[in-house]
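Structure, as structure tokens:
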Amino acid sequence: MSEDNVRRAAEMLLQGATLLAQPCPYCSGVRVMKDGRALCSSCGSEPEKAPQTDPEPSVEQRVLGLTRQLGSTTDPALRQRIIEEITRLSDEMSPK
Ligand SMILES: [Zn+2]
């Protein structure tokens, strides 16, 4: 798995991208989707427009995506940003 692609995927998640339910058709890797574009975090391919377009990803979806990305990210600074974003989103989910 290329660290560059993992980093790109993590950056996309931090910017509001969501994790795609369907794996990459080429390598079965985890894909993230933003603005109708799907990026594979394993091979870096951007095959086609995502089949299902969800313009308003739920907070739960974003937390799930970030949590999974955390598992494949080794960069300490990036991990810190992901953790901070998960914490922020978790605050949003908790009842006011
Ligand atoms: Zn792939």
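The values are calculated or read from the model by the stated rules, or taken from the named source; none is laboratory data. Every value quoted in this text rests on a predicted model; they were computed, and no experiment measured them. All Cβ positions, even for glycine, are placed from backbone atoms using ideal geometry, and neighbour counts span all protein chains on display. Note: areas computed on protein heavy atoms with side chains; ligands, DNA, RNA excluded. Shrake-Rupley method; radii C 1.70, N 1.55, O 1.52, S 1.80 Å.
Note on the chain: with charges restricted to the Cβ of Lys and Arg (+1) and Asp and Glu (-1), its dipole about the Cα centre is near 80 debye. For Ser41, the accessible area of its heavy atoms, probed at 1.4 Å with every protein chain present, is near 10 square angstrom. All alpha carbon pair distances within the chain were sorted into 10 Å bins beginning at 0; the resulting P(r) in whole percents reads 18, 51, 27, 4, 0.
Ordering Asp91, Asp75 by accessible surface, largest first, gives Asp91, Asp75; the 1.4 Å probe counts only protein heavy atoms, with every chain in place. Sorting Glu85, Glu92, Glu11 by solvent-accessible area of protein heavy atoms yields Glu92, Glu11, Glu85, largest first, with a 1.4 Å probe.
Across Thr67, Thr18, the residue with the most accessible area heads the list, and the full order at a 1.4 Å probe is Thr67, Thr18. By a 1.4 Å probe calculation restricted to protein chains, Leu39 has an accessible surface near 0 Å², given to the nearest 10.
Calculated mean residue ellipticity at 222 nm for the chain: -15000 deg cm²/dmol, from DSSP H runs with n ≥ 4 weighted as -39500 (n - 2.57), summed, divided by the residue count and rounded to 500.
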